[in-house]
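Data block below; observations after.
The values are calculated or read from the model by the stated rules, or taken from the named source; none is laboratory data. Please read all numbers here as calculations on a predicted model, not as lab measurements. Positions of Cβ are generated from backbone atoms using ideal geometry, with glycine treated the same way; all protein chains shown enter the neighbour counts.
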């Protein structure tokens with residue numbers, strides 16, 4: 001097997017070389033062109049175009065009367081463009097939404113395609129005009145002329161995108177602005193649709209009607225996780241598409257075949273799609289800002305910070321009520337916030353580790369009473385200050401009754417931006433109250449049995 | 001081939017096939033209506049693509065071709081597609097259509113791989129999964145009350161009945177949830193629950209149907225009838241009824257076409273369903289492209305006629321006799337001539353040259369000019385538009401002011417418009 005891999009990567013095998021280059025270029029072009037489809041919320045137009053290619057191929061067969069690859073692609077292109085045009089027409093001029101139009105086009109055109117391909121099989125000269133091959137695709141049987149066609153299409157698509165980069169960028173994010181600038185938005189829209197059609201049709205023989213949409217959608221959707229910039233997204237999407245094409249071809253050509261299965265080897269098109277899917281999954285999980293893991297970590301971090309600040313504020317307010325008293329976190333927080341005992345223990349543990357609270361004794365497990373350390377007292381004071389500043393703001397400017405502000409402030413005190421707090425602070429200082437303001441409403445009574453004098 | 005002639009040549013097997021195709025189409029059309037209304041049509045697409053890996057997976061896991069395991073596998077993957085694309089959209093902030101595209105294409109690729117793995121051991125023809133086996137349903141029968149009924153027809157009928165019963169039972173809830181999810185939640189029934197119930201119904205219907213019409217064609221039957229009906233009516237009850245009718249019709253016509261051309265029944269049924277949608281797009285009486293073009297055309301003709309009337313009234317007012325203003329009001333001479341012909345047909349213009357209003361024409365023209373000047377008065381008094389901005393605005397609006405608004409405008413209007421011209425009274 002390793003010999004195979006080495007042969008493959010050094011491009012020694014002529015057949016595999018053609019497939020590898022063709023699939024890679026197809027992935028590259030589809031990734032770049034598909035980015036605009038995904039950004040314009042047209043991701044699945046490519047699916048409809050691909051399904052409309054089947055009747056196009058069937059019609060081309062009836063017109064030409066033999067299996068002529070060029071005519072097939074031309075027929076597919078014409079029908080695909082007609083399908084894209086019909087979808088735009090329905091969206092622009094009727095109440096039917098684009099999703100329904102796409103779904104009807106997928107089903108209707110594919111039905112027509114099946115009717116025509118069955119007719120072609122019935123016709124004497126038809127005898128399996130090879131139409132079925134387009135449905136699932138046969139990347140492994142790609143020949144040099146196919147790869148050359150893909151190379152031309154990819155080159156043309158990339159050149160088009162490079163030349164019209166600025167226009168397409170504005171079109172993708174702010175169509176109205178582009179229109180106001182006097183740009184031909186309709187023509188640009190049609191250009192994007194046309195590029196989608198061309199790339200789709202060029203990829204049909206390799207990846208097949210059902211799966212070509214994957215190459216248009218998955219690489220851009222994966223790239224979107226990593227960046228907010230169009231240029232970076234295009235490069236990434238192209239790279240992911242290229243990588244998926246090359247890797248999928250390589251894997252399907254070299255992976256060992258289970259004994260007694262797969263008489264024709266691993267299917268290449270699905271392998272390419274699965275590679276792209278793996279890239280998508282990796283991006284979904286691992287991307288630094290938009291990724292799911294990063295998001296979950298952020299949420300956990302925020303939740304912990306909020307819990308910690310709630311503990312600190314509760315301790316600060318208890319100390320205001322009865323100075324010098326020890327704080328019973330279990331009783332107080334369980335009663336007031338409905339925390340479970342285990343959550344109270346976890347929050348206290350984290351607070352102790354951060355050096356914000358300490359037990360009065362030397363080595364207490366943390367279930368008993370607590371007091372704030374010096375750093376803890378400072379942190380608690382700033383939390384309480386933020387809370388009360390917001391309460392005062394709500395009372396003064398939003399005209400909310402003093403007994404209603406506690407909850408609102410409780411939710412927002414953790415996320416108030418520093419410059420807003422500074423502004424509030426300056427107002428407070430201007431009115432002569434520079435330290436932690438007194439609570440504008442009565443604080444809850446200390447829970448029975450808690451916070452009493454030791 | 002006309003339907004009656006064809007009917008005379010149909011054998012009993014043909015009727016069973018037509019019945020199967022029709023029941024399948026109607027069963028798909030019912031949940032499809034709500035997919036269309038809720039803008040979730042593509043979920044039907046995604047679910048029907050996901051059937052392939054479900055089948056292959058179920059076969060590889062259980063090693064049997066028992067249809068129940070296949071149904072279960074396909075249904076599970078179908079639901080997983082819907083749920084996963086929802087999660088990708090909400091958690092991953094992927095646009096909804098891209099999310100569906102990612103999920104169903106990856107699943108489908110997985111399905112092709114699995115099916116190639118399974119192909120060595122069992123004949124699980126990918127073509128069958130795509131095209132369905134409508135042609136041979138009549139050979140696999142079950143005895144129901146002494147009658148040999150195709151097995152698929154029995155299962156499809158059950159699905160149809162369940163779908164119909166569900167829609168009938170929860171019609172009100174579905175209606176509110178489809179048009180106003182927030183109101184549905186406020187009224188105490190969960191829009192999310194309805195969403196998942198609809199997804200389950202769609203997945204179950206798609207899975208049971210794929211055997212007859214094939215997985216990719218399911219999407220045509222799910223969405224096309226609903227989309228067609230959506231163009232033909234504004235009422236939900238009628239929408240469902242029309243969709244069912246359209247689905248049944250496409251099954252019947254599609255079968256005849258397939259019989260005549262000797263081609264795939266499922267493909268031809270889907271083509272007819274798509275064709276019906278195209279016809280509705282072009283010809284629907286209110287929402288079709290054709291009807292709207294006709295309405296626009298009629299409107300532009302009426303505006304031309306009213307402009308001619310207004311011009312002639314102003315000439316009559318000033319006592320002038322030249323015809324140059326007409327060219328100014330309608331620059332295109334052919335349009336002007338057409339408007340003049342139409343007015344003469346209606347007896348509003350005298351048939352002699354130069355152009356002169358008949359008494360009836362004078363009344364109509366007075367109405368046009370009256371509306372124009374009342375609107376100018378309103379724009380000037382209430383909106384404070386300067387004098388030189390009034391005419392253009394009013395010239396456009398005069399054709400759209402209803403009698404009711406005109407009555408209110410004239411409630412306390414002065415005798416002259418802001419330019420000092422007399423506002424003609426209602427009666428000459």
Next on the checklist: Within region A:263-273, does at least one residue satisfy the condition of being assigned to a helix (DSSP H, G or I), touching a helix residue (DSSP H, G or I) at 6+ places or on another chain (Cβ under 6 Å) and more than 13 Å from every other protein chain (Cβ to nearest Cβ)?
Outcome noted: no
Checklist entry - Given B:118, B:74, B:82, B:109, which one is surrounded by 24 or more Cβ atoms within 10 Å (Cβ to Cβ), modelled with pLDDT under 90 and farther than 15 Å from residue B:201 by Cβ? => result B:109
Item to check | Qualifying positions in region B:185-202 - more than 14 Å from every other protein chain (Cβ to nearest Cβ) and under 13 Å from residue B:29 (Cα atoms) | outcome: B:198, B:201
Next on the checklist: Given the options A:163, A:247, A:159, name the one that is under 25 Å from residue A:18 (Cβ atoms), in the same structural domain as residue A:49 (by TED's automatic domain parsing), at pLDDT 90 or above and surrounded by fewer than 22 Cβ atoms within 10 Å (Cβ to Cβ).
Outcome noted: A:159
Next on the checklist: Going by what's in this entry, would residue A:90 be described as touching a helix residue (DSSP H, G or I) at 6+ places or on another chain (Cβ under 6 Å), facing another protein chain (nearest Cβ under 9 Å) and outside any helix (DSSP H, G or I)?
Outcome noted: no
Item to check | Condition met for residue B:248 (in contact with a helix residue (DSSP H, G or I) (Cβ under 7 Å, 6 or more places away or on another chain), within 12 Å of chain A (Cβ to nearest Cβ) and more than 16 Å from residue B:178 (Cβ to Cβ)) | outcome: no
Item to check | Residue selected from region B:260-287 under the condition under 16 Å from residue B:11 (Cα atoms) and in contact with a helix residue (DSSP H, G or I) (Cβ under 7 Å, 6 or more places away or on another chain), by the criterion nearest to the other protein chains (Cβ to nearest Cβ) | outcome: B:262
Item to check | helices (runs of 4 or more DSSP H) enclosed by region A:140-259 - at least 2 residues per element that are more than 14 Å from every other protein chain (Cβ to nearest Cβ) and within 29 Å of residue A:88 (Cβ to Cβ) | outcome: A:144-163, A:165-173, A:175-180, A:185-207, A:230-254
Next on the checklist: Just checking, does region B:62-71 include any residue being part of a helix (DSSP H, G or I), surrounded by 20 or more Cβ atoms within 10 Å (Cβ to Cβ) and modelled with pLDDT of 85 or more?
Outcome noted: no
Checklist entry - Scanning region A:71-83 for residues that are under 31 Å from the mean Cα position of the chain (by Cα) and crowded, with 24+ Cβ neighbours inside 10 Å, which turns out nearest to the other protein chains (Cβ to nearest Cβ)? => result A:83
Item to check | Hits in region A:101-122 (condition: more than 7 Å from every other protein chain (Cβ to nearest Cβ), in contact (Cβ under 8 Å) with a residue 60 or more places away in the chain and surrounded by fewer than 24 Cβ atoms within 10 Å (Cβ to Cβ)) | outcome: A:120
Checklist entry - If the Cβ limit is 6 Å and pairs must be 6+ apart or interchain, which residue in region B:106-119 that is within 8 Å of chain A (Cβ to nearest Cβ) pairs with which residue that is buried (at least 24 other Cβ atoms within 10 Å of the Cβ) and not in a helix (DSSP H, G or I)? => result B:108/A:210; B:109/A:211; B:112/A:267; B:116/A:267
Next on the checklist: Regarding region A:49-70, can at least one residue be identified that is modelled with pLDDT under 85, at the interface with chain B (Cβ under 7 Å from one of its Cβ atoms) and surrounded by fewer than 17 Cβ atoms within 10 Å (Cβ to Cβ)?
Outcome noted: no
